[in-house]
Amino acid sequence: MQFVRCLCYRWVECESAFASRIRTGAIVNIGFLDTKTFSEKARQVFVWEMENTLRHQNAVKVNAALVFEFSLLHGDAPDEKVFNTKNVPVWQ
């Protein structure tokens, strides 16, 4: 699968920890207003990153967090909602 660069989202590599044994990345929504469309694109990016990682590693543990920042009314202070998953092993 090949991705065309989009100004609506991007993959961001975060600083590594534990002698580069932990890799952290984030898919950042830059321009999607519709959360469903962003979620579909983010899933594609996530699957591509997992496939790419599994080409170099035999197994990985994956933990995903979905973080939304939103305001109910224009001008309100943004609120944050976080959905976490358990660590899940993924084998090649």
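Filter the trypsin sites (Lys or Arg not before Pro) in the stretch 31-92 to those in DSSP coil with at most 11 other Cβ atoms within 10 Å of their Cβ, and list the result.
Taking the stretch 31-92 and a limit of 11 other Cβ atoms within 10 Å, the loop trypsin sites (Lys or Arg not before Pro) found are Arg55, Lys86.
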Worksheet item: Order of Ile27, Ile22 from fewest to most other C-beta atoms within 10 Å?
Response: Ile22, Ile27
Worksheet item: Quick one: Cys14, Cys8, fewest Cβ neighbours within 10 Å first, how do they rank?
Response: Cys14, Cys8
Worksheet, complete the sentence: Toy charge model, Lys and Arg Cβ at +1, Asp and Glu Cβ at -1: the stretch 16-92 dipole around Cα centroid in debye, rounded to 20, equals 500 debye
Item to complete: For Gly25, enumerate residues with amide H under 5 Å from its amide H, sequence gap 5+ or separate chain, H modeled in the peptide plane.
Response: Cys14
Worksheet item: Angle between the Cα long axis of helix 35-54 and the longest principal axis of the chain, 0 to 90 degrees, nearest 10?
Response: 10 degrees
Worksheet entry | 222 nm mean residue ellipticity, helices alone, for the chain (DSSP H n ≥ 4; -39,500 (n - 2.57); rounded to 500) | -7500 deg cm²/dmol
Practice prompt. Match the structure shown to one of the listed values (i) -0.43, -0.66, -1.27; (ii) -0.50, -0.85, -1.22; (iii) -0.33, -0.79, -1.54 of log10 I(q)/I(0) by the Debye sum over Cα atoms at q = 0.10, 0.16, 0.26 Å⁻¹, computed from it, and give that label.
Written response: (iii)
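Throughout, read-outs are computed from the coordinates displayed, never taken from laboratory work. Fair warning: this is a prediction, and the values are worked out from it, not measured in the lab. Quick reminder, even Gly has a Cβ in these numbers, built from the backbone with ideal geometry, and neighbours come from all protein chains shown.
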